[in-house]
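This report refers to the structure that appears directly beneath it.
What follows is calculated from the coordinates using simple rules that are stated; it is not laboratory data. Note that this is a predicted model, so its numbers are computed, not measured. No Cβ is skipped: glycine too gets one built from the backbone with ideal geometry, and neighbour counts run over all protein chains shown.
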Amino acid sequence: MTTRRTERRKHKRFDITCPTTLTNAASNELTSRTVNVSDGGMFLTMPTASLPDRGSTVKVAFSLPRETPNTYMLEKLQCEAMIVRHEACEDGAMAGVALAFDDAIDLAIEV
């Protein structure tokens, strides 16, 4: 018999790809793209060589796609987040990075 893991996340994740820039304490900018986004954080991929340290705080700037039947735009958002974890990708050159926003953001994403 298998047991199901209880979902512990507070915020629903949405599979949205958008351009993202992280700025660390030394003011170095790291560019990336999200894999998924939620009101409480995001998961993105970036080159292994430029991974920010786990537990460090970064400034996050990202452009969330918005559209209506007649328009498409990118809404620019900024916040601070903590690097929660890294996950190596199969090729070793890239890694997944999980970030938790310092304060939740109401992204108003609807399915």
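Here's the picture: charge each Lys and Arg Cβ at +1 and each Asp and Glu Cβ at -1 in the chain, and of Pro19, Ala108, Pro65 the one pushed furthest to the positive end of that dipole is Ala108. Taking the inverse of the mean 1/r over every pair of distinct Cα atoms in the chain gives a Kirkwood hydrodynamic radius of 14.9 Å.
Put simply, when 75-81, 104-110, 29-35, 57-63 are sorted by average Cβ atoms within 10 angstrom per residue, most first, you get 57-63, 29-35, 75-81, 104-110. Close amide H pairs (under 5 Å, H built 1.01 Å from N) link Met94 with Thr48, Cys89, residues at least 5 positions away or on another chain.
Dipole magnitude for region 19-101: about 140 debye, using +1 per Lys or Arg Cβ and -1 per Asp or Glu Cβ, origin at the Cα centre. With a simple spin-label model that places each label point 7 Å from the Cα along the Cα-to-Cβ direction, the separation between Arg66 and Ala88 comes to 4.1 nm.
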